[in-house]
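The values are calculated or read from the model by the stated rules, or taken from the named source; none is laboratory data. Please read these numbers as outputs of a predicted model, since none were measured by experiment. So basically every Cβ, Gly included, is an ideal-geometry build from the backbone, and we count neighbours across all protein chains shown.
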Amino acid sequence: MANEVSNLQLVKKLNRISVLNIIRKHNTISRHQLAKLTGLTPAAITGIVRDLVALGYVIEKGVGKSNGGRPPVKLQFNPDSGYVLGAEITRNKTTLGMVNLNVKPLFLRKYNIDMGDPYEGISMLAQEVEKMIRESGIDREKILGMGVASPGLVDITTRVVKHSPNLGKKWCDFPIKKRLQEITGINIFVENNSNAAALAEYSFGKGKDSKNMAYINLGEGISAGIIQNGSLAYGFKGYTGEIGHIVINEDGPLCNCGNNGCLESLYAVPALVRKANNELALYNQKDTLKAIWLEKGSVTIEDIIANANEVDSYAWKLIRQAGWHIGKGVAAIINVFNPEAIFIGGILAEAGQSLLDSLRESVQKHAFPELVREVKIEISSMRRDTGFYGACAVAIKALFEGGVDALLDVELSSST
Ligand SMILES: [Zn+2]
């Protein structure tokens, strides 16, 4: 008997989540349409909607078109019924923000947090989280969760960072989810940064209509997040998309992973900046980037990007070269996963056309021709903050699809 009661409660909760998700996906919808779409009785719909309105997730909006009888009240999802935090962490820069349930940012800030030591770095992040919540003035119970986008290998079952060369050697088996949850008391959802960015592009970026797509993250490292049939492609443990470690020159420089000549060791942002600063010493005096190098003593990735579309300049050649080799990694993704779209993101994507042109040429040359003909390759719509928006998308997806306690464990209306 006790089992039957708990099963009934579970069914009621699942019905509530599925109704809420249908309302979220529609601009406005009537109770009648909800009953038709779910197959639930009008009485059940009335009860569920009453609960969702009482909880603040749904608002009643004006009146819809009448079919002769009483005009139906339209229902609408209330994006300000809850908030989530999102953070993208890198070795020295953390982006932290808060968004409503339609991913509209209330805060989006950058912090210089040294993540070299995971325990110290995560404690500092937690302090900033507390400050942000306080400053927002939002009730803590309305903060439904927090997503974190982390570089490196994130185990999908434990959400432990297994290994992250870009965060540093201390990031080995670090239980990031558990730790941050313990300090903040907030539901934490952790995802690899490229996976998170792919999810953002797919959920509300240019990739909205592409169920099979990849997001290529060109920053401190080079990696891909892959969406297959509308879901992230995880593989065995979640370590998919590590195209930065495709070896393109066995005699090349030592990579963070321990191999030599990985794509990332040659063409990720730190490698490009190093290469530019070395080569500019001997380069043509008339070059604009050389002039900056002479003036400042070194150039940054921002300097390189700012000059990347000046044809025949050093920066243009460097970015084209990077695009060509990165294109080999992208070709591998195309050959293996047959995506319909590829979105290029991360800092390097800001180089724009020169990067895109050479990358496309390289893909044409290196991927299977029939597959190339079908795929569009574009610069991501979200650029630098894609990881942050991805973190928010991860939290919101988990909340609405997994139905965490915040949405489920509220006293149910007796009429449902
Ligand atoms: Zn490597």
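Right, residue 193: of a type in the set (S, T, N, Q) and under 24 Å from residue 272 (Cα atoms) or not? Show your work before the answer.
Values: of a type in the set (S, T, N, Q): yes; under 24 Å from residue 272 (Cα atoms): yes.
Yes: the conditions hold for residue 193.
Residues that are of a type outside the set (Val, Ile, Thr), assigned by TED's automatic domain parsing to the domain that holds residue 143 and within 16 Å of the ligand (Cβ to nearest atom): does segment 194-215 have at least one?
Within segment 194-215 (the criterion being of a type outside the set (Val, Ile, Thr), assigned by TED's automatic domain parsing to the domain that holds residue 143 and within 16 Å of the ligand (Cβ to nearest atom)), the answer is yes, since at least one residue qualifies.
Give me a count of the residues in segment 274-293 that are in a helix (DSSP H, G or I), more than 16 Å from the ligand (Cβ to nearest atom) and surrounded by fewer than 18 Cβ atoms within 10 Å (Cβ to Cβ).
Summing the residues that are in a helix (DSSP H, G or I), more than 16 Å from the ligand (Cβ to nearest atom) and surrounded by fewer than 18 Cβ atoms within 10 Å (Cβ to Cβ) in segment 274-293 gives 8.
Report those helices (runs of 4 or more DSSP H) wholly inside segment 115-213 carrying at least 1 residues which are at pLDDT below 95. Working first, answer last.
Numbers: elements: 118-136, 176-184, 193-204.
Ranges flagged: 193-204.
Evaluate the following for residue 341: is it in the same structural domain as residue 224 (by TED's automatic domain parsing), of a type outside the set (Val, Ile, Thr), modelled with pLDDT of 95 or more and away from the ligand (no atom under 16 Å from the Cβ)?
Yes; evaluated as a whole, the condition is true for this residue.
Per-residue answers, yes or no, for (1) over 11 Å from the mean Cα position of the chain (by Cα); (2) of a type outside the set (S, T, N, Q); (3) within 19 Å of residue 323 (Cβ to Cβ):
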{"site": "199", "(1), (2), (3)": "no, yes, no"}
{"site": "207", "(1), (2), (3)": "yes, yes, no"}
{"site": "210", "(1), (2), (3)": "yes, no, no"}
{"site": "218", "(1), (2), (3)": "yes, yes, yes"}
{"site": "221", "(1), (2), (3)": "yes, yes, yes"}
{"site": "225", "(1), (2), (3)": "no, yes, no"}
{"site": "236", "(1), (2), (3)": "yes, yes, no"}
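So how many residues does segment 161-185 have that are of a type in the set (A, V, I, L, M, F, W, C) and surrounded by fewer than 20 Cβ atoms within 10 Å (Cβ to Cβ)?
2
Check whether at least one residue in segment 135-145 is touching a Lys or Arg at 6+ places or on another chain (Cβ under 6 Å) and acidic (Asp, Glu), and report yes or no.
First, pick out the residues of segment 135-145 that are touching a Lys or Arg at 6+ places or on another chain (Cβ under 6 Å): none.
Among the residues of segment 135-145, not one is touching a Lys or Arg at 6+ places or on another chain (Cβ under 6 Å) and acidic (Asp, Glu), which makes the answer no.
Which of the residues spanning segment 299-323 are outside any helix (DSSP H, G or I), at negative phi and of a type outside the set (S, T, N, Q)?
Result: 299, 308, 310, 311.
Would you pick out the residues in segment 242-270 that are more than 24 Å from the chain's Cα centre (by Cα), more than 8 Å from the ligand (Cβ to nearest atom) and not in a strand (DSSP E or B)?
248, 249, 250, 251, 252, 253, 261, 266
For residue 318, state whether it is at pLDDT 95 or above and within 16 Å of the ligand (Cβ to nearest atom).
Values: at pLDDT 95 or above: yes; within 16 Å of the ligand (Cβ to nearest atom): no.
Against the criterion (at pLDDT 95 or above and within 16 Å of the ligand (Cβ to nearest atom)), residue 318 does not qualify.
Against the condition surrounded by 14 or more Cβ atoms within 10 Å (Cβ to Cβ), free of Cβ contacts under 8 Å to residues at least 40 places away in the same chain and outside the structural domain of residue 32 (by TED's automatic domain parsing), how does residue 124 come out, does it pass?
The answer is yes for residue 124.
Return the pair list, or none, for Cβ contacts closer than 8 Å from residues in segment 305-318 that are under 11 Å from residue 287 (Cβ atoms) to residues that are of a type in the set (Ser, Thr, Tyr) and surrounded by fewer than 17 Cβ atoms within 10 Å (Cβ to Cβ), at least 6 apart or on different chains.
Matching pairs, first to second residue: 307/288; 310/288; 313/288; 314/283; 315/288.
Here is a yes/no grid of residues against (1) modelled with pLDDT of 90 or more; (2) touching a Leu at 6+ places or on another chain (Cβ under 9 Å); (3) loosely packed, with under 14 Cβ neighbours inside 10 Å:
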position	(1), (2), (3)
356	yes, no, no
361	yes, no, no
369	yes, no, yes
372	yes, no, no
378	yes, yes, no
395	yes, yes, no
412	no, no, no
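Given the criterion of a type in the set (Ser, Thr, Tyr) and within 28 Å of residue 92 (Cα to Cα), identify the matching residue among 231, 223.
223
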